[in-house]
Amino acid sequence: MLEQLLIFTRGGLILWTCKELGNALKGSPIDTLIRSCLLEERSGAASYNYDAPGASYTLKWTFHNELGLVFVAVYQRILHLLYVEDLLAMVKREFSQIYDPKRTAYPDFDETFRQLKMEALARAEDLKRSNPNPVAGNVKKQVQGNNKSGLEGGNKKKSGGVAKEGGGKDGDGGNGRRSENGHSNGNFVVAKDANLSSDVNGRQNGSPNVGAFDVHKLQKLRTKGGKKVDNAAAKASKAEPNKKVIKKNRVWDDAATTETKLDFTDHSAEDGDRNIDYVVADQGESMMDKEEIVSSESEEEEEEEENVGKKRKPDAKNKGWFSSMFQSIAGKANLEKSDLEPALKALKDRLMTKNVAEEIAEKLCESVAASLEGKKLASFTRISSTVHAAMEEALIRILIPRRSIDILRDVHAAKEQRKPYVVVFVGVNGVGKSTNLAKVAYWLLQHKVSVMMAACDTFRSGAVEQLRTHARRLQIPIFEKGYEKDPAIVAKEAIQEASHNGSDVVLVDTAGRMQDNEPLMRALSKLIYLNNPDLVLFVGEALVGNDAVDQLSKFNQKLADLATSPNPRLIDGILLTKFDTIDDKVGAALSMVYISGAPVMFVGCGQSYTDLKKLNVKSIVKTLLK
């Protein structure tokens, strides 16, 4: 049953809702659709699933781009209504005929909608009657096709004089092997569990399949081999039930073995190692506080647009100069998808060459096509420039964060509450978490904020020493407990220590972990749940392409799946590293923001403490479309 259908403008004004349905929706599916899909350029799929406590909805929508209208239908996900798309198309057609920009209410559309709904339901019923069980029909065709191919294969092998495959030790004589229920089974390959499919196939294939490859013989041999292995494993387990295999340490040159652990952490005072020189805390102004100037014009961009316009359609040359000039002056009636495809394909290829993930580039082009289809092309305007402008607006809308995260403001707010502001740095191996954590610490020190580091990477050798070196160079305290400790407990004790000594910010360093490593991801989820940090920063390389989507989506998915609370903490922001090594391949920033919805808060662009800056959205968009 349809839960709700409503029509609203792109400005958010609701023009009509179905009073006949009148069902109270649980949660806020429409607001979530606007916030997560329509504003984030994810409208190409035209379908969205929304989960609320006690209900699961599917939302489908369509646009009327010329009038600026959005038509949305909401129904229970479990129902799989077949007539929704047809109903939306009819509602769009009828409502666009009576739409008046000066009107804000359309009570007379209720009767029209009732008739359209009855018509859509009747079409769906006719479709069901014409094809009552499409799945069974497909299975029947597949079985018949397989039986036919099996018989043809047997006849060919007979005529060719080839030796029978089934003969030999098992004594099959080339005939099809009998199934367990007594019916002969032909060339239709059936798994052991599929008893129903095996029965249907055996009854339809009445004659044995001579010369066909005997799959059951191969399965029998495999099961025999598996049983032997199982028997051997069972005997071994019975002989030594309680004995565990432990790898012994290798002894070199007959030296005496020692049971000491490989933990060389010096737990003495901060001035224990005098070989490391202190640096002056002020290395200059951090690039975070400097504004980057971007030029507004680009000759290369204009040349690319001209090339796209020339390659737009091969039949444009045959129209003649008069028709082309007339079309550019008068404007095209309505843009169709076929008109947009050449320019969108060129834009997609350009985005992919700039290191944007293929999946993201495809979705972006679909969203831009959905926003332009049906619009009227303005006079003296080319399709390529229209698509280019729409893509530029979409990229700016994606890269500008949905919510403002001002760390300095939040630090002062936490200071008023007499608690430290906690930032956790997470990410995969080798992306530069510890180095960029030190850069963030230096930037905070410049703003007169007291910082303490927490060495919670108790897994990687040298991680504690690396962080201790940064702490000494910046002359800030560090909390560390060495190796082989629970990082969640270390972080908790560090936060308590920061509360006692009056530190404003705690920067928590964690071990690098791959997104598929479940034990380490579980430990990270425990650290975040136990300490409830104010900010979770994902540190990622600007060098990655398609892997950026996999990393961020799986990090968020694992944090959500392994969390013990109903409202799990996910990635709040992104820190992009090694940005100075990629030239114009800046697509990783777009891929990460698009897949997670989290803003890029810091960009690492060098080796010194000052090489940390903000993401310049205009510069990124210009580089992507250049």
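The values are calculated or read from the model by the stated rules, or taken from the named source; none is laboratory data. The shown structure was predicted, so the numbers you read here are calculated from the model rather than taken from an experiment. Here the Cβ positions follow ideal geometry from the backbone for every residue, glycine too, while neighbour counts run over all protein chains shown. Ligands, DNA and RNA are excluded from the accessible area calculation, which covers all protein heavy atoms including side chains. Shrake-Rupley method; radii C 1.70, N 1.55, O 1.52, S 1.80 Å.
General observations
- Cβ-based net charge around Leu69, under 11 Å, with every Lys or Arg adding one and every Asp or Glu removing one: +1
- Average accessible surface for the stretch 1-116: 49 Å² per residue, computed with a 1.4 Å probe over protein heavy atoms with every protein chain in place.
- Efficiency of FRET from Cβ geometry, Asn334 and Asp100, R₀ 25 Å, rounded to 0.05: 0.80
- Three-way shape label, the stretch 407-619, alpha-carbon gyration tensor, a/c 1.5: rounded
- Judged by the mean number of other Cβ atoms found within 10 Å, the most tightly packed of the peptides 108-120, 509-521 leads the ranking 509-521, 108-120.
- Shape class of the stretch 443-520 from the alpha-carbon gyration tensor: prolate, with a/c at 1.5 or above and a/b greater than b/c.
- Whole-percent carbon and sulfur share, accessible surface of the stretch 337-399, 1.4 Å: 52 percent
- Computed from backbone phi with θ = phi - 60° and the Karplus coefficients 6.51, -1.76 and 1.60, the 3J(HN,Hα) list for the stretch 73-89 is 10, 10, 8, 5, 4, 6, 7, 6, 5, 8, 9, 5, 5, 5, 5, 4, 5 Hz; x is used for glycine and proline.
- Total formal charge among the other residues, if their Cβ is under 12 angstrom from that of Leu575, Lys/Arg +1 and Asp/Glu -1: +3
- For the stretch 337-399, taking the reciprocal of the average inverse distance between every pair of different Cα atoms yields a Kirkwood hydrodynamic radius of 11.9 Å.
- Table column - 3J(HN,Hα) (Hz), the stretch 506-517, Karplus curve with 6.51, -1.76, 1.60, x for Gly and Pro: 10, 9, 9, 8, 10, 6, x, 8, 6, 5, 9, 7
- Vicinal HN-Hα couplings computed from phi for the stretch 394-402 (Karplus, 6.51 cos²θ - 1.76 cosθ + 1.60; Hz; Gly/Pro x): 5, 5, 5, 5, 6, 6, 6, x, 5
- Protein accessible area in the stretch 545-585, 1.4 Å probe - carbon and sulfur %: 47 percent
- A DSSP coil position with no more than 14 other Cβ atoms inside 10 Å describes the following GluC sites (Glu not before Pro) in the stretch 484-570: Glu484.
- Charge sum, other residues only, whose C-beta stays under 9 Å from Leu524's C-beta, Lys/Arg counted +1 and Asp/Glu -1: +4
- 5 angstrom amide H check on Glu541, placed H, neighbours 5+ away: Thr577
- Mean accessible surface per residue for the stretch 478-578, computed with a 1.4 Å probe while every protein chain stays in place, in Å²: 40 Å²
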